[in-house]
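Below is one structure; the comments refer to it alone.
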Amino acid sequence: MIYTLMNKHAPVAELNIDEDTGAILKVAQVIHPEYLPVGIAITKGLPDRKSLNDWWRGRSIPSIRSGIREALDILNVSYTEQLLTKCYGLSLSDQYLINPKEHPFKWEDINFFHNPFSDDVGNVLFGQASSPGSEFDLLSPCNTCNGWLRKKWKIIDGKRCLLKSGSNPFQQEPLNEVLATSLHQRLNHTAYVPYSLVWENEIPYSVCENFITPETELVSAYSIFKSEKKRNHHSLHEHFLLCCEHLGIPGMKEFLNYLLAFDFLMANTDRHFGNFGAVRNVDTLTWLGAAPVFDSGTSLWHDQVSRVIHPNGDVPSHPFKSAHAEQIVLTGSLDWIDFSALRDIDEEFRILLSASPYIDEPRTDKLCNGLKGRVLQLEQLALEQKHQVTVSHPKETTEVNPESQDFEIKL
């Protein structure tokens, strides 16, 4: 079927999409290439079909999503990619959509920011639907919500909110998101997505309000990273910052300095290129800056048994280095951190964990000691960093005290 790929009101390209597989079979023509998704390669005046397909399929629910096979059976859909055309590719993270060429519609009449949407798909994804054979409304932003944990969009008090579950056996990720919110506040950082906690049938879910508006779009760090070819002598970190510089994204270096320190404290093992990025004005294509920090639940040994949680142990990291001990070196100065504001955060974590029926007291002790250990490790690194700066750049003068005749060193 022929569709017009659009970015809100701007027609971008004409596509032939297979209804059964959801794959883009052909790019017929490009109308406004400047509105193509960031990172799509252009070959002989046309976007690379494989690259565009990767972006398109990346909008769908991944096949590894918890409970997705059962959900697809109930929805009577064979592949998650088929759900993309059911909602015309519409999302609550950007303004891209596919518009049927034979029966076009207006963005104002169908977008999820202004128009209501059914809870059917979200309920099925959460295992809360009735049975196969029911009539479901498949026009939902849940169809374009990626990630392996169960999640769904829901309108709460007129606001578009994302509910996200945890994973077995500890269901810890939602609690981690709430702790992350407190950590941002203690670090006096303002660019973050605040999370709250709700319980349904003794299962915890994190809840956050959408930070994207009808005028903006979230561009993943992965798309930014692909916007230019990486040179062999550039590290991943260097290449990403160069891409941001060439695109004109302001403040990314400072943001990454914060993010890497924050992820060190949280022992975050999943800060891949898909769960941070930048925000762009969808109408003017002006970059507004880094997206607020979100998606920090896969942290603090969420899926590890208690015996492997060690306060002073290293933790795997993403996206620039494989271990936090190596990645934290990429940050600038750490002297902005007020460690006194973090002194009792482990006790706050203890109170949060005590409400969970999935986490016993011995595990709680291990997790709180682990968090406290992360704070102490980073504080030690900050002290060593400060000492190295002092040794490398001494600024010493001597003055004679006329009364004691002792020398006073001023730094």
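The values are calculated or read from the model by the stated rules, or taken from the named source; none is laboratory data. Just so it is clear, the structure is predicted and the values come from calculations on it, not from any experiment. All Cβ positions, even for glycine, are placed from backbone atoms using ideal geometry, and neighbour counts span all protein chains on display.
Condition first: more than 14 Å from Glu254 (Cβ to Cβ), outside any loop (DSSP other than H, G, I, E, B) and not aromatic (Phe, Trp, Tyr). Now tell me which residues in the stretch 274-293 satisfy that.
Gly277, Val279, Arg280, Asn281, Leu288
Examine the stretch 290-306 for a residue that is of a type in the set (A, V, I, L, M, F, W, C), more than 22 Å from His239 (Cα to Cα), in contact with a helix residue (DSSP H, G or I) (Cβ under 9 Å, 6 or more places away or on another chain) and surrounded by fewer than 16 Cβ atoms within 10 Å (Cβ to Cβ), and state whether such a residue exists.
Yes, some residue in the stretch 290-306 is of a type in the set (A, V, I, L, M, F, W, C), more than 22 Å from His239 (Cα to Cα), in contact with a helix residue (DSSP H, G or I) (Cβ under 9 Å, 6 or more places away or on another chain) and surrounded by fewer than 16 Cβ atoms within 10 Å (Cβ to Cβ).
Need a quick list: helices (runs of 4 or more DSSP H) entirely within the stretch 31-145 having at least 1 residues that are within 23 Å of Asn281 (Cβ to Cβ).
Result: 49-57, 107-110.
In this structure, does Ser206 turn out to be free of Cβ contacts under 8 Å to residues at least 24 places away in the same chain and either touching an Asp or Glu at 6+ places or on another chain (Cβ under 6 Å) or small (Gly, Ala, Ser) (or both)?
On the way: free of Cβ contacts under 8 Å to residues at least 24 places away in the same chain: no; either touching an Asp or Glu at 6+ places or on another chain (Cβ under 6 Å) or small (Gly, Ala, Ser) (or both): yes.
Here the answer is no, as Ser206 does not meet what is asked.
Considering (1) in contact (Cβ under 8 Å) with a residue 60 or more places away in the chain; (2) assigned by TED's automatic domain parsing to the domain that holds Ala325; (3) touching a Leu at 6+ places or on another chain (Cβ under 9 Å), say which one Leu241 fails and leave the rest.
(1)
Taking the condition within 23 Å of Pro62 (Cα to Cα), free of Cβ contacts under 8 Å to residues at least 12 places away in the same chain and out of contact with any Leu (no Cβ under 6 Å at 6 or more places or on another chain), does Gln171 pass?
Judged against the criteria, Gln171 is not a match.
Hey, Phe255 hits all of (1) within 14 Å of the chain's Cα centre (by Cα); (2) closer than 27 Å to Lys8 by Cα but one; which does it fall short on?
Among (1) within 14 Å of the chain's Cα centre (by Cα); (2) closer than 27 Å to Lys8 by Cα, the lone unmet condition for Phe255 is (2).
Going by the conditions given, is Leu376 in a helix (DSSP H, G or I), in contact (Cβ under 8 Å) with a residue 60 or more places away in the chain and out of contact with any helix residue (DSSP H, G or I) (no Cβ under 8 Å at 6 or more places or on another chain)? Show your work before the answer.
Details: in a helix (DSSP H, G or I): yes; in contact (Cβ under 8 Å) with a residue 60 or more places away in the chain: yes; out of contact with any helix residue (DSSP H, G or I) (no Cβ under 8 Å at 6 or more places or on another chain): yes.
The answer is yes for Leu376.
Of all the residues that make up the stretch 82-106, how many are closer than 21 Å to Lys151 by Cβ, among the aliphatic types (A, V, I, L, M) and in contact (Cβ under 8 Å) with a residue 60 or more places away in the chain?
Qualifying residue count, the stretch 82-106: 4.
Of everything in the stretch 295-348 that's among the charged types (D, E, K, R) and in a loop (DSSP other than H, G, I, E, B), which residue is modelled with the lowest pLDDT?
Let us first name the residues in the stretch 295-348 that are among the charged types (D, E, K, R), namely 295, 303, 307, 314, 321, 326, 335, 338, 343-344, 346-348.
Now drop any that are not in a loop (DSSP other than H, G, I, E, B), which leaves 295, 303, 314, 321, 335, 338, 343-344.
On the way: Asp295: 98, Asp303: 96, Asp314: 86, Lys321: 97, Asp335: 95, Asp338: 98, Arg343: 95, Asp344: 97.
It comes out as Asp314.
Has the stretch 255-262 got any residue that is buried (at least 17 other Cβ atoms within 10 Å of the Cβ) and in contact with a strand residue (DSSP E or B) (Cβ under 6 Å, 6 or more places away or on another chain)?
Yes, that holds for at least one residue.
(1) at pLDDT below 95; (2) among the β-branched types (Val, Ile, Thr); (3) under 22 Å from Ser223 (Cα atoms); (4) surrounded by 15 or more Cβ atoms within 10 Å (Cβ to Cβ): which one isn't true of Ile68, the others all being true?
(3)
Could you tell me which residue of the stretch 189-240 is surrounded by the most Cβ atoms within 10 Å (Cβ to Cβ), considering only residues that are in a strand (DSSP E or B) and out of contact with any strand residue (DSSP E or B) (no Cβ under 8 Å at 6 or more places or on another chain)?
Looking only at the stretch 189-240, we keep the residues that are in a strand (DSSP E or B), and these are 192, 196-200, 203-209, 216-220.
Now drop any that are not out of contact with any strand residue (DSSP E or B) (no Cβ under 8 Å at 6 or more places or on another chain), which leaves 200, 203.
Details: Glu200: 11, Ile203: 15.
Only one residue tops the list, namely Ile203.
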